[in-house]
Amino acid sequence: MKEMFEKTGVQSPEIVRSVFPPIERINRGPVAVIECYQRIPCNPCATACKAGAIKPFEDINDRPDIDFERCTGCGLCVSKCPGLSIMLVDGSRSEENVVFSIPYEFLPLPQENDYVDALDRAGESIGKAKILKVINRSYQDRTPIIQVEISREKMYLFRNIKIGGNLNG
Amino acid sequence: MRQVEVAIVGGGPAGLCAAISAASSGAHVLLMDRNKYLGGQLIKQTHMFFGSEKQYASTRGIDISEILLKQLDEYKDNIEILKDTTVLGLYEDGVISGISGDEYFKLKPDVTVVSTGASEKVLAFPGNDMPGIYGAGAAQTLMNVYGVKPGQKVLMVGAGNIGLIVSYQLMQAGVIVSGIIDAAPRIGGYLVHASKIRRMGVPILTGHTVKEAIGKDCLEKAVIWEVDEKYEGIEGTEKTFDVDVLCISVGLSPLVELLEQSGCEIKYIPELSGKVPVVDENHMTTKPFIYAAGDVSGVEEASSAMVEGYLAGLCAAKTAGFKHPQFDYLKEDYHKQIEALRAGPQGERIRRGIAKMKGGLR
């Protein structure tokens, strides 16, 4: 499972589910999903977390250990992660859809209320997603966060968006 | 001949930090760089760095160079900067010769820190000298320093961090990346970088290498094939990519020529990416008046290059007779930082290389 990931760069659904918060937590409001599967020397997520949800690292090579109950879904870690491996998921807004907040460093930025292609972890289209908000404040240091609404059944598949001609093909 | 307390050759992340560290110890520093600007590779690194706060994690490389230049400016009374200056020779007695602008010069530093970095390795295949075939770092310089796209469609060769990051930045610049290949069976760079580009739809083909480059006047097609366990191409597995750019990112070689010339002991250590100087834990070479820091002493990340620079600058200043008031504390802190950066599985190769370098194995 891990081996395929290291060959192709695409996480298997099992690996993805292993880092997702429980569905009850997702349904209560925004919470961070951290897809950092490898021990590398990096700790800004833990130092950015003001809620004490991401435990301070003992060794800088530690993988982030997040307490979903303490996570407030503030999103500070999302734009701080150099690997862009963190997003927020929020299942509190409707029965049918979930809202993701993903880091997105490409131009042009999407516009609110646009419908864009939703992509999975291999960059394949999995349908349409609606852009709710584009957040691009100075503290994010040029890593805008895009709030995207997508059907709940795509929750474990969704990871990226595609706008017009700024991506391959 | 001109006397200098601490000379630093190369103004990249290691050299800048060495200059700050030596100047803050009270030594007069002469910092030389062959480019018209300081910062080395930092000035094209638009991505956020890994590491911890002490190594400016989560800050973009381009901004780290600004931070370091500001720190340098705080010691401007103690630091003289010579840009557009190429050091040509470092002799056994420590004398440096070089050319600054059009002027030839010689100087005699008390101590020298060599932080010349590394250069990109090449890959041998038929047609590899065709226009359109770049080192990945060169393509990155073209687009991020000069604002020039290297081409329209790229095949990246090498799935280490540089190959993955440059692929991502090519896409940010609006260039199509048709794929990333690597002869190794696994992705060598951080998986977060791989996932970042993979979810944009760029395929990563491990276990593949370039068979040949095809084109009349410049690159038109790249043919790749699968490799066996001995990294030899397998007939019948060829795939063709219609690309006008091939980026080669198959590693870096330390630029040790000056150190070699000076008579420092040099060893060939594959884990450190080639010929490297033998250095002690403070980055002093086998000559007590020559230090080496950054990629020239073993290719690693910029985060460790910066800490090595701070450490070498601190110790070089002390050798020159300028002991920082917090010398012991700082030295221990730098050692701890370097050790922590190398402690994980990604640092295993470096740890093995350093053990070889120190253990006298050849």
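The values are calculated or read from the model by the stated rules, or taken from the named source; none is laboratory data. Please read all numbers here as calculations on a predicted model, not as lab measurements. Every residue, glycine among them, receives a Cβ derived from its backbone with ideal geometry; neighbour counts consider all protein chains shown.
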Checklist outcome for this item: Per the list (1) in a strand (DSSP E or B); (2) out of contact with any helix residue (DSSP H, G or I) (no Cβ under 6 Å at 6 or more places or on another chain); (3) surrounded by 22 or more Cβ atoms within 10 Å (Cβ to Cβ), residue check on B:L259 breaks on (1)
Next on the checklist: Regarding region B:231-248, can at least one residue be identified that is aromatic (F, W, Y), more than 30 Å from A:F5 (Cβ to Cβ) and away from every other protein chain (no Cβ under 14 Å)?
Outcome noted: no
Checklist entry - Which residues, taken from region B:74-88, are without any contact (Cβ under 8 Å) to a residue 60 or more places away in the chain, assigned to a strand (DSSP E or B) and under 22 Å from the mean Cα position of the chain (by Cα)? => result B:L82, B:T85, B:T86, B:L88
Checklist outcome for this item: Only one of B:Y334, B:Y231, B:Y329, B:Y268 is at pLDDT 95 or above, of a type in the set (S, T, Y) and assigned to a loop (DSSP other than H, G, I, E, B), namely B:Y231
Checklist entry - Which of (1) within 27 Å of B:R60 (Cβ to Cβ); (2) more than 14 Å from chain B (Cβ to nearest Cβ) does A:I54 not meet, given it meets every other one? => result (2)
Item to check | strands (runs of 3 or more DSSP E) wholly inside region B:122-223 that include at least 1 residues being away from chain A (no Cβ under 14 Å) and basic (K, R) | outcome: B:208-214
Next on the checklist: Can you find a residue that is hydrophobic (A, V, I, L, M, F, W, C), over 19 Å from the mean Cα position of the chain (by Cα) and buried (at least 24 other Cβ atoms within 10 Å of the Cβ) anywhere in region B:273-290?
Outcome noted: yes
Next on the checklist: With the structure loaded, tell me whether A:L84 is assigned to a strand (DSSP E or B), under 15 Å from the mean Cα position of the chain (by Cα) and either within 10 Å of another protein chain (Cβ to nearest Cβ) or not acidic (D, E) (or both) or whether it fails that test.
Outcome noted: no
Checklist entry - Of the residues B:E271, B:E348, which single one is free of Cβ contacts under 8 Å to residues at least 60 places away in the same chain and out of contact with any Pro (no Cβ under 6 Å at 6 or more places or on another chain)? => result B:E348
Next on the checklist: If I filter region A:1-32 down to residues being assigned to a loop (DSSP other than H, G, I, E, B) and within 14 Å of chain B (Cβ to nearest Cβ), which single residue comes out as surrounded by the fewest Cβ atoms within 10 Å (Cβ to Cβ)?
Outcome noted: A:M1
Item to check | Lone qualifier among B:Y91, B:Y134 - being surrounded by fewer than 22 Cβ atoms within 10 Å (Cβ to Cβ), among the hydroxyl-bearing types (S, T, Y) and in contact (Cβ under 8 Å) with a residue 40 or more places away in the chain | outcome: B:Y91
Next on the checklist: Tell me whether region B:10-28 contains one or more residues that are modelled with pLDDT of 95 or more, in the same structural domain as B:L311 (by TED's automatic domain parsing) and surrounded by fewer than 22 Cβ atoms within 10 Å (Cβ to Cβ).
Outcome noted: yes
Checklist entry - Which one of these is surrounded by fewer than 21 Cβ atoms within 10 Å (Cβ to Cβ), basic (K, R) and over 22 Å from the mean Cα position of the chain (by Cα): B:K121, B:K108? => result B:K108
Item to check | Residue ID - farthest from the other protein chains (Cβ to nearest Cβ), chosen from residues in region B:25-49 that are among the aliphatic types (A, V, I, L, M) and over 24 Å from B:A317 (Cβ atoms) | outcome: B:I43
Checklist entry - Pick from A:K133, A:K162: which is away from chain B (no Cβ under 12 Å) and either touching a residue at least 12 places away in the same chain (Cβ under 8 Å) or within 21 Å of B:S167 (Cβ to Cβ) (or both)? => result A:K133
Next on the checklist: Looking only at region B:26-66, count every residue that is part of a strand (DSSP E or B) and either touching a residue at least 24 places away in the same chain (Cβ under 8 Å) or not hydrophobic (A, V, I, L, M, F, W, C) (or both) and tell me the total.
Outcome noted: 6
